[in-house]
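Trainee: Attaching a single structure in structure tokens format; questions to follow.
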Amino acid sequence: MNENPFSETPAIEPGNPSVSGAATDLRSAAGDFAKNTSAQATKVKDKTVETAQALKANATEKAGHYKAVATEKAEHYKAVASDKAAEVKANAQQQYETTKVKAKEIQVTAEDYIRQNPTKSVLGALGVGFLIGLITRR
């Protein structure tokens with residue numbers, strides 16, 4: 001005989017749950033699962049937000065530290081550059097003064113030589129002028 005298990009309605013026995021009872025239990029379990037999952041998701045979200053805020057605070061603190069260090073180094077290099085510039089300026093001023101004194105000494109020496117030897121000076125100047133004239137013609 002060919003018996004179809006679905007052709008007959010099984011008898012509901014007191015110990016066996018009904019389909020509607022099983023569906024209700026399933027809906028209840030699904031609701032509990034959804035509530036638990038939602039609660040866990042909320043906890044994960046809160047933990048993520050807390051971690052993100054901690055990371056942001058840490059990053060802000062480190063950025064402030066790096067900014068302070070960079071500012072300190074920039075001020076140090078600025079001071080060193082200013083010192084070097086002042087040193088170079090002082091050296092240049094000293095060289096200028098030394099050169100100015102030497103030029104004045106050479107001028108005085110040349111004037112004295114010309115006063116003591118006017119004929120030699122004029123003839124020398126004429127000779128140099130003549131040579132310069134020859135060179136410039138070519």
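Trainee: With a 10 Å cut-off between alpha carbons and a GNM built on the chain, which of 37, 98, 119 moves the most?
Mentor: It is 119.
Trainee: On a 0 to 90 degree scale, rounded to 10, what angle separates helix 19-116 from the longest Cα axis of the chain?
Mentor: 0
Trainee: For log10 I(q)/I(0) by the Debye sum over Cα atoms at q = 0.16 Å⁻¹, which listed value, [x] -1.08; [y] -0.70; [z] -0.92, comes from the coordinates shown?
Mentor: Answer label, from the structure shown: [x].
Trainee: Could you calculate the contour length gain from residue 138 to residue 48, that is, 0.36 nm times the residue separation minus the distance between their Cα atoms, to one decimal place in nm?
Mentor: Answer, rounded to one decimal: 23.3 nm.
No value in this document is a laboratory result; all are computed from the given coordinates. Keep in mind the model is a prediction, meaning the values are calculated, not measured.
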